[in-house]
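Here's the structure we're looking at; comments come further down.
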Number of protein chains: 2
Amino acid sequence: MFQIVWPPTPTRRDECKWAGKDLVKECANFIRVLQHYNQSHLYACGTGAFHPVCAYIEVGHRPEENVFRLVTSHFENGRGKSPYDPRLLTTSILIDGELYSGTAADFMGRDFAIFRTLGHHHPIRTEQHDSRWLNEPKFIGAHLIPESDNPEDDKIYFFFRENALDGEYSGKATHARIGQVCKNDFGGHRSLVNKWVTFLKARLICAVPGPNGIDTHFDELQDIYIMKSKDPKNPFIYGIFTTSSNIFKGSAVCMYSMSDVRRVFLGPYAHREGPSYQWVPFQGRVPYPRPGTCPSKTFGGLESTKDFPDDVITFARSHPAMYNPVLPINNRPIVIKTDVDYQFTQIVVDRVEAEDGQYDVMFIGTDVGTVLKVVSIPRETWHDLEEVLLEELAVLREPTPITTLKISTKQQQLYVGSALGVSQLPLHRCDVYGKACAECCLA
Amino acid sequence: MFQIVWPPTPTRRDECKWAGKDLVKECANFIRVLQHYNQSHLYACGTGAFHPVCAYIEVGHRPEENVFRLVTSHFENGRGKSPYDPRLLTTSILIDGELYSGTAADFMGRDFAIFRTLGHHHPIRTEQHDSRWLNEPKFIGAHLIPESDNPEDDKIYFFFRENALDGEYSGKATHARIGQVCKNDFGGHRSLVNKWVTFLKARLICAVPGPNGIDTHFDELQDIYIMKSKDPKNPFIYGIFTTSSNIFKGSAVCMYSMSDVRRVFLGPYAHREGPSYQWVPFQGRVPYPRPGTCPSKTFGGLESTKDFPDDVITFARSHPAMYNPVLPINNRPIVIKTDVDYQFTQIVVDRVEAEDGQYDVMFIGTDVGTVLKVVSIPRETWHDLEEVLLEELAVLREPTPITTLKISTKQQQLYVGSALGVSQLPLHRCDVYGKACAECCLA
């Protein structure tokens, strides 16, 4: 089999050790970015013993070429791509030769940002040292979702959880977030130079409505799966959430529609006059073009964010958050587990054609090495869904958290990652249960 | 046996029915106040078919007199004493011929207030139509606790839960509260006339500290027991709390010291500049005498709240809440139950001398008709308590909520009230377990 050995240099390893880090757990080169770069190469970044480093991996054009080789002639600085600390949650996506990543760009792990690096443009990032933009985020995922049929409107959405805004909540709380940037954002001209000017974020709510209006929240976003639909602009967003409490442990799956996401980003901006004020919906005049809109021929003459008027940039800088949250479809989770010893960690979804129509089969990984296979079926209407547990599979021999779930609809396989390694299992095992019935095809 | 029949008048009952109320569940005379008035009489108030009414009950000086009779020659208006709606939670305490009550004073059940009625003074109440003072409160208990050896400083404390202050919390939440008024408060002179000028309230926290500073709160105050100690100024306060969630059900007992309560009432007042501001600790000059202080010789010439300067009254009117909450002893509950199908409803506490010292034995009633007998024992230090369940008694034949628990240390009996009636059981049943061991004496 092919294998790449890519340790940090002895110098880096020594420096890491001298900085008081653990040689085994922290001073190795933990790979945190692995993306398709082009038809023959991957792009990979690792923590490089607290000194992030990136390189290309040659894989050839076809499997038959048997190529799998680290391109050692050209290493790149991995700052803003991979974190320094392997424990920090990071996400990245490589699109058209540019790497979008949510990570921390410093040794101390405090300077969190959403970056765009690589490619021939100047790197660009979120505003620094401003907790309104990002407040100790834990990045979960990043996806490109087109806004219209015009690629100029393409947006990259980041999913993360972070501390609630100062003044948004009495006491400490975690909020789940969806953030957006435009693919063609090149930063401001006089202000927000080399910073995103189209960055916006909104809270993702996953909560069970309660009596007296007091809801039970699942705020700790753990994973996101984007279920593509026929219309590429309108995929469904599946999110795995857990509770923030150490007393009441529970997990939930919430589902969001892009139309709800867009309605929130087109709604009022969160605004406060000063530190001792509350956050309120901004009622004043919003400058044109509305902050968050991509520069595009759809909106007249502005071809670049560098052409945006100063008042747009100034407004964008102080209003990165939307006032309204994104509510899940049906205003409640589609799956809830509260009476069990485990929590959900990962999700992938497979769209299955059954005799009586299409079903989204969720594969939910847990922190005890099991995978739940669940469908959400309408009882009477689409507003009254019933969760049906089809199977509960003990995939790992030991009760180890599942850290990655990947699905290949082509291979009809599910790939399960954990500290123990990678397992694969077939998506559907109709043969185990018998043939030719809709129920079994969901099994 | 003695029995008093005290129905509403036919006219009241008809009016109640015409108002659309239920004849059986709402239009009877539900007794909501029953207090010792003097050595020979009780004072009782009922809802009187949505028209509160009060009367004296003659009980004689001694049981041997065999007197138990409603004084029908003199009925009094029960407004501000008993609620109109029998379902509203109300509390009252009669001290020196004056009735202190927390209730709603209108037919619609919206005008909640803490009242002082009866006696020869003008009735006095909390400010009307001001959600900063009271925000849909559910009253749980009222107790006189002396502040010093000077009776002029005596305070009556009210325990209730209510909606969180507007702007105190994003979303809806219940907060548990302790409120205070001075026994010798006769209202203001020019402003707050016949209103409490010494009313203050603070939040009672009952929460389990969590990782990342996100605590698990038990906010729904259900019952309070005041455990007297040798120093009448410093009893311990036991509170029963449940969760606000309908998904995660749990109960807890938290214990508070009066020194912590007084520290909070002497701390910063909650202040906000206007509707879109946050609540912050008031940093400005607090007028003298400090609002919340009882008029007393201890503090110079002011003999009555009517002598208080205008700036004190103005400040008191707009600052009824304290900024800091009262935290429980050890910053966490002494008893928690989360993995069960029932919730706590009531508590009384008995102080027991065991061979190795004093123990507070808690009797905790549940909503399934059981009584838990629990002690909280220090493991190593007083900061590390272990809850020990001594007994779990199925007191009621059916799983009915226990609505009242009363203790008689004289009779060594526990009285258990529910919709089924009243039961009694001995506090300690050492004879069941054998003799002469500390463990059994706690049984």
Query raised in the report: What is the residue count in region B:135-146 for residues that are within 18 Å of B:D85 (Cβ to Cβ), in a strand (DSSP E or B) and open to solvent by 10 Å² or more (accessible area, probe 1.4 Å)?
Result: 2
Query - The lone exception for B:P287 - which of (1) more than 27 Å from the chain's Cα centre (by Cα); (2) open to solvent by 40 Å² or more (accessible area, probe 1.4 Å); (3) more than 14 Å from every other protein chain (Cβ to nearest Cβ) it fails - result: (2)
Query raised in the report: Does region B:252-270 include one or more residues that are in a loop (DSSP other than H, G, I, E, B) and farther than 30 Å from A:V280 by Cα?
Result: yes
Report task. Could you tell me whether region B:355-362 includes any residue that is within 14 Å of B:I240 (Cα to Cα) and surrounded by 17 or more Cβ atoms within 10 Å (Cβ to Cβ)? Result -> yes
Query - Given (1) without any contact (Cβ under 8 Å) to a residue 60 or more places away in the chain; (2) in contact with a Leu (Cβ under 9 Å, 6 or more places away or on another chain); (3) open to solvent by 10 Å² or more (accessible area, probe 1.4 Å), index of the condition A:R132 fails - result: (1)
Report summary line: Filtering region B:213-253 down to residues that are away from chain A (no Cβ under 14 Å), surrounded by 22 or more Cβ atoms within 10 Å (Cβ to Cβ) and over 14 Å from the mean Cα position of the chain (by Cα) yields B:V253
Query raised in the report: How many residues does region B:20-47 hold that are part of a loop (DSSP other than H, G, I, E, B) and either within 20 Å of B:S73 (Cβ to Cβ) or free of Cβ contacts under 8 Å to residues at least 60 places away in the same chain (or both)?
Result: 14
Query raised in the report: When residues of region B:50-74 are filtered for being assigned to a loop (DSSP other than H, G, I, E, B) and modelled with pLDDT of 95 or more, how many remain?
Result: 3
Query raised in the report: Which of the residues belonging to region A:147-189 are open to solvent by 10 Å² or more (accessible area, probe 1.4 Å), in a strand (DSSP E or B) and closer than 21 Å to A:H217 by Cα?
Result: A:R161, A:N163, A:D166, A:Y169, A:T174
Query raised in the report: Does A:L204 satisfy the condition of being at pLDDT 95 or above and either within 12 Å of another protein chain (Cβ to nearest Cβ) or in contact with a Leu (Cβ under 8 Å, 6 or more places away or on another chain) (or both)?
Result: yes
Query raised in the report: If B:G80 satisfies every condition in (1) at negative phi; (2) open to solvent by less than 20 Å² (accessible area, probe 1.4 Å) but one, which is the exception?
Result: (1)
Requested in this report: Working only within region A:190-201, note down all residues that are assigned to a loop (DSSP other than H, G, I, E, B) and either facing another protein chain (nearest Cβ under 10 Å) or of a type outside the set (A, V, I, L, M) (or both).
Outcome: A:R190, A:S191, A:N194, A:W196, A:T198, A:F199
Query raised in the report: Given the conditions (1) within 23 Å of the chain's Cα centre (by Cα); (2) open to solvent by less than 40 Å² (accessible area, probe 1.4 Å), which single one is not true for A:A49?
Result: (1)
Query raised in the report: Is one or more of the residues making up region A:137-151 within 14 Å of chain B (Cβ to nearest Cβ) and in contact (Cβ under 8 Å) with a residue 40 or more places away in the chain?
Result: yes
Query raised in the report: Is region A:298-309 home to any residue that is surrounded by 18 or more Cβ atoms within 10 Å (Cβ to Cβ), touching a Lys or Arg at 6+ places or on another chain (Cβ under 9 Å), over 27 Å from A:T404 (Cβ atoms) and more than 14 Å from every other protein chain (Cβ to nearest Cβ)?
Result: no
Requested in this report: Given the conditions (1) more than 14 Å from chain B (Cβ to nearest Cβ); (2) in contact with a helix residue (DSSP H, G or I) (Cβ under 9 Å, 6 or more places away or on another chain), report the number of the one that A:P209 does not fulfil.
Outcome: (1)
Query raised in the report: If you go through region A:382-414, how many residues are of a type in the set (S, T, Y) and open to solvent by 70 Å² or more (accessible area, probe 1.4 Å)?
Result: 2
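The values are calculated or read from the model by the stated rules, or taken from the named source; none is laboratory data. Just so it is clear, the model here is predicted, and its values are computed rather than measured. All Cβ positions, even for glycine, are placed from backbone atoms using ideal geometry, and neighbour counts span all protein chains on display. All accessible areas refer to the heavy atoms of the entire protein, side chains included, with ligands and DNA or RNA removed. Shrake-Rupley method; radii C 1.70, N 1.55, O 1.52, S 1.80 Å.
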